[in-house]
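Let me begin by presenting the structure, written as structure tokens, before commenting on it.
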Amino acid sequence: MDPDSNDIVQAKAIGKQVSSPEGSLTILADINLSIKRSESLAVIGVSGSGKSTLLGLLAGLDTPTSGKVILDGTILNDLDEDGRSQIRNQSVGFVFQSFHLLPGLTALENTALPLELAGSEQSDEIARQRLADVGLNERIHHYPDQLSGGEQQRVAIARAFACNPKILFADEPTGNLDKKTAQRIIDLMFKMNKNNGTTLVLVTHDDALASLCDRKVIMTGGQIINDMK
Amino acid sequence: MNTFKFAFSGLKRDWYSGELRLIGISILIAVACLSSINFFTDRVKRGTQQQATELLAADLVLISSKKIQSKYIDAGEAAALIISLNESFRSVVVKNDKLELAEVKAVDSSYPIRGYLRTSDNLFGEEQVNDSIPSRGSAWIDSRLLQALQVEIGESINLGASELIVEKILTYEPDRGGDLFNIAPRLMMNRADLDETKLVLPGSRIQYRLLLGGKSEKIDAYREQVNIEDDDHLRVQGIKDARPEIKSALERAEQFLGLAALVSIALAGLAIAMSAKRFAIRHYDNCAIMRCLGLQQGQITQIYFFQLMLLGLICSFIGCLLGFFAQEVLNQMLIGMTQQPLPAPSWRPVLSGLFTGLITVLAFALPQLVRLRKISPLRVLRKDLSPVPLNNYAIYALAIIALALLSPWQSGNINLTLYTVAGLFLTAIVLALSAKMMIKLLKQLQPRLKMAARYGLANVTRRSNQSIMQITAIGIGVTVILLLTLVRTDLLEGWQNRLPDDAPNYFLINIQPKQVSGIKAQLSASLDTDIELHPMIRGRLIKVNDNVINPNDYKDPRANRLATREFNLSYSDKMQRDNRLVAGKWWHLDDSSKNYFSVEEGIAETLGISMGDQLTYSIAGQDIVGEVINLRWVEWDSFNVNFFVVSNTAALDSYPSTFISSLFIPDAKRAMLTNLVKQYPSITIFDIDAILTQVRAIMNQVIRTIEFVFIFTVLTGIAVLFAALQSTHDERTHESALMSALGASHKQIVSGLIAEFMFLGVITGILSAIAASLIEMALAEYVFKMDIIINPLIWLIAPLICCLIIVLTGLFGTRKVLTSSPILVLRKT
């Protein structure tokens, strides 16, 4: 698949098995999935259905035991850890349920981190702009433990968009937030996604959130049982 | 990305958050300990070198049998060096009808350039330090010449054509040197009187000396400039080693201190490794996030490598500063003990301190942190993903390599190093196994205990692996602390006892066989103790088995010298008390059928003599052959008379001999020596009090130094304790919060913790006492070669101290456990 292809991610017959005391355990089986550029996709399912595992594989955080994942024209299976790191830095943004900010860095430093990793010379300016985009320009020098849950997630969103990713992976982004804050975060995420033309892959068990996406994939027992536009 | 910048800001953050503090403090203590020792020993060494220059009376001496050429003097003057000329020769000194051959030395007013002359106004009277030389027309003579000529102070003696008044008794001249027993007595005179003696004539055997003094760079430049090495008539003496007995005491001191430093480094290493492990675990999440954001594995390694290097450098530097101040305190404590102020500290120990700090932190902490590169980015989604645990063998190997790399440098003694490193690992293994057994046994007690004790013991047994690790770590620390307190006292007392207050302070020589019984009776009566007189026969070793001794066969300069010179042989039916057989047996009293030799092990090794060898000595023109049937270890620093080679009585008693004795004469009884000399004018008496005082002062210094250094070792031991507590801190915090939530009172939680720490303390104390006693016995037997009695107090003190240290440190280390809000703690997990 070439980088100019209309699909940003393709999963071809991917499977994931892990060994357990009872023998080999299949977490994902024979998943085929293509996600178009600028598309928003929700992966829904109950706990243990394999949705987070699928997100990990699509984002290059893990490798499948069978099949292959193609991200922005690159076959992830062919890359080593550092190769996948580079792809993540260049093309992928993340937003997690537990925010995953580095506790020792300020909001500004957290946002600038992926830019610094990419070697950007304007990391500070861009990070400030991103934080302004999420409405946190007054709190850029605060550490994560000085920010509320909603504010921490906004920093995480600013960080996710810092490098202008082609695709954003969000894992239960509102799972740790109250309803009102969650709504504001969702609005912000979709707004930024639209403005940046980013593809969004959203893992959630919240149907209301999923219904905001262009497309919904429902998973059960490690398999996609429904793919709805 | 600028990994160095990132590492630096990370270092600041982690330091402020307290995560790196214990690693940093451990480096700091270890380096402070090491550098204080290095600063101090460096100063003492250079001080000794100064003493060595004192033994030359100058920094450089040119000796010639011809008059010293003026070019050498002119060059010295041009280089602004201090210059002194003297002549020495043998000549007969006359007083009435008495003639005595004396070593005459004519000195000028600059003599001695280094050191001082010491004199007294009465025979064996109080010594005074002089900064002058004999005045014109007078002479200073030593006690032997005074005794031989039976002359008094103020009387005149004749030397050549001149008459000199005896002004003082010369008791010490720095550059006397030579073999104490084989030189003629000394007469020192003013050089300006030399011509009047008319003894300096063409063909006279005169030794001319040019003494030069100045800074070492100037001396080196002078040597280069005048090309003295090319002049065949000149012999040059530079700074040489200090007296062997002082050197030996200093070497032992360095070994003790090196051992203390090495143990501090090993303990600091342990604390560093434990803290680094916790640091790494707490950084799993951060690394996973950074990996997720695109940080590469190599960059993670770089970041932590830079952080450690920076931390190592900063803390080592501060450690060196602390070490510098610590050695200054030590120096202030010891003022008055050294005969002269020590030279200023040099910068060399800073380099060794920085090197040691870096090696220690890299060897002990880096393996833990390198693991972070293996963190899976997937950990952001799955918390249970941790990097593969480190291979323990690799960690141990690295630690051993680091210690091995640092240790010969610290102790200067490879055997001592091997014993220490092997001992530490053996101790760790034995402690771990014993702790496992004791915990199993204690588990049986658990149901019978009350709540707090049961909870405490449950914590110990439930986390048995962690408990074993804590007991082992703290146990090693406490074992070393015990070794350095109780055992150190035993060992040092044993060592000091070798040189008791009544160590000999006088040597009597030239005692004729017929005078033996009279002198022995007189001395025994006056001093109320048995006096031993040893026969002394001079002989040259000419053959070992059938091999004729040729000095050129010995490449080792010491062996060459020994093979060239005459030995002082002795005979005896029984071995001296301060000797110990290392091979073979002593001969039977009644076995006079054969000739037997007993050889000191050191000289046997140097000259390649083994058990069963036939040695041939040439004594007064006759050859005597005997078999080596034993080898002895001799305690040379006891100051008793000792011989390299001793035979059975039958072998040597028919040869011409004189007798020698060493004895302790208290100040109050010194007057008896004057009577003895009057009664037996041919005997000669030497006062060795000065050397003894110096050796004793060095030993006292060493003990004080070790006591001081030991403070650092205790501190590193406490750092290990903290590191061990830190490793269970999070778990403890969670448990306490849970118990508090379930209704446990603060008092109940504290009681449980105290009970747990007490159990750990008692187990650690008992095991450490056993380990320390065993190590002490091994050290005494194999390293220090002395007999010691293990202090029984160790069995009481060790568990008590361990309980106290562990409970107090434990409560301090877990104070946050008790003060954390249960709801906050439980929410986090």
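For the protein assembly as shown, the residue among B:ILE542, A:ALA170, B:THR479 whose Cα projects farthest onto the positive side of the dipole built from Cβ charges is A:ALA170.
How high is the relative contact order of chain A, in percent, counting Cα pairs under 8 Å that sit 6 or more residues apart?
Working: 456 pairs, mean separation 65.5, N = 229.
29 percent.
The residue among A:ASN89, A:PHE99, A:ASN77 whose Cα reaches farthest toward the positive pole of the charge dipole of segment A:65-161, with charges on the beta-carbon of Lys, Arg, Asp and Glu, is A:PHE99. Largest mean-square fluctuation among A:GLN90, A:GLN183, A:GLN152, in a Gaussian network model of chain A whose springs join Cα atoms under 10 Å apart, belongs to A:GLN183. Only the Cβ atoms of Lys and Arg (+1) and of Asp and Glu (-1) were treated as charged; on that basis the dipole of the protein assembly as shown about its Cα centre amounts to roughly 3860 debye.
Could you grab the Rg to Rh ratio for segment B:506-687? Cα atoms only, Kirkwood for Rh.
Details: Rg = 17.4 Å, Rh = 17.5 Å.
Here Rg/Rh amounts to 1.00.
Let me know the volume per residue of the alpha-carbon convex hull for segment B:60-238, in Å³.
On the way: hull volume 21.5 nm³, N = 179.
About 120 Å³ per residue, rounded to a whole number.
Among A:ALA13, A:ALA160, A:ALA107, the largest mean-square fluctuation in a Gaussian network model of chain A (Cα springs under 10 Å) belongs to A:ALA13. Largest first and in whole Å, the equivalent-ellipsoid semi-axes of segment A:1-93 read 23, 16, 12, each the square root of five times a Cα gyration tensor eigenvalue.
Contact order normalised by length for segment B:506-687, with contacts defined as Cα pairs under 8 Å and 6 or more residues apart; what percent is it? Don't skip to the answer; put the middle values down first.
Working: 329 pairs, mean separation 66.2, N = 182.
For segment B:506-687, the relative contact order is 36 percent.
Note on the protein assembly as shown: the alpha carbon radius of gyration divided by the globular reference 2.2 N^0.38 Å gives 1.33. For segment A:8-49, the gyration tensor built on C-alpha atoms gives an oblate shape. Its axis ratio a/c (a ≥ b ≥ c) is at least 1.5, and a/b is not larger than b/c. For chain A, pairs of C-alpha atoms spaced more than 34 angstrom apart make up 13 percent of the total.
Roughly how crowded by other chains is peptide A:112-121, in terms of the mean Cβ count from those chains within 10 Å of each of its Cβ atoms?
Details: counts 0, 7, 6, 2, 8, 9, 3, 2, 1, 0.
Mean inter-chain Cβ contacts per residue within 10 Å come to 4.
Determine the alpha carbon to alpha carbon distance for each of B:LYS67/B:LYS105; A:LYS166/A:LYS229; B:LYS45/B:LYS218; B:LYS443/B:LYS747 and list only those over 18 Å. Spell out each step's value before the answer.
Working: B:LYS67/B:LYS105 15 Å; A:LYS166/A:LYS229 21 Å; B:LYS45/B:LYS218 21 Å; B:LYS443/B:LYS747 24 Å.
Exceeds cut-off: A:LYS166/A:LYS229; B:LYS45/B:LYS218; B:LYS443/B:LYS747.
Dipole of segment B:60-238 computed with +1 at Lys/Arg Cβ and -1 at Asp/Glu Cβ about the Cα centre; of B:LEU81, B:VAL93, B:GLN69, farthest Cα towards the positive end is B:GLN69. Under 27 Å of direct C-alpha separation, and excluding same-chain neighbours fewer than eight residues apart, B:LYS585 reaches these lysines: B:LYS543, B:LYS574, B:LYS594, B:LYS785. For chain A, give me the percentage of DSSP beta bridges that are antiparallel, rounded to the nearest 5 percent. Given both bridge residues lie in chain A, the antiparallel proportion sits at roughly 55 percent. Straight-distance candidates among the lysines for linking to B:LYS277, with alpha-carbon spacing under 22 Å and chain neighbours fewer than 8 residues away dropped: B:LYS12, B:LYS374, B:LYS383, B:LYS816, B:LYS828. List the residues, sorted by chain then number, that are 5 or more residues from B:VAL582 or on another chain and whose placed amide H is less than 5 Å from its amide H. Long-range HN contacts for B:VAL582: B:LEU631, B:ARG632, B:TRP633. Here the Karplus curve 6.51 cos²θ - 1.76 cosθ + 1.60, taken at θ = phi - 60°, turns the phi angles of segment B:349-365 into couplings of x, 5, 4, 5, x, 5, 4, 5, x, 5, 4, 5, 5, 5, 5, 9, 9 Hz, with x standing for Gly and Pro. Mean partner shielding of peptide B:281-290, defined as the number of other chain Cβ atoms within 10 Å of each residue Cβ, is 3.
Mind checking A:87-93 for the average number of partner chain beta-carbons within 10 Å of each residue's beta-carbon? Working shown, then result.
Numbers: counts 1, 6, 6, 1, 1, 3, 1.
That average works out to 3.
Bear in mind these aren't lab numbers, they're just calculated from the coordinates by the rules spelled out. Everything quoted here is computed from the prediction, not taken from an experiment. Reconstructed Cβ throughout: ideal geometry from the backbone, glycine too, with neighbour counts over all protein chains shown.
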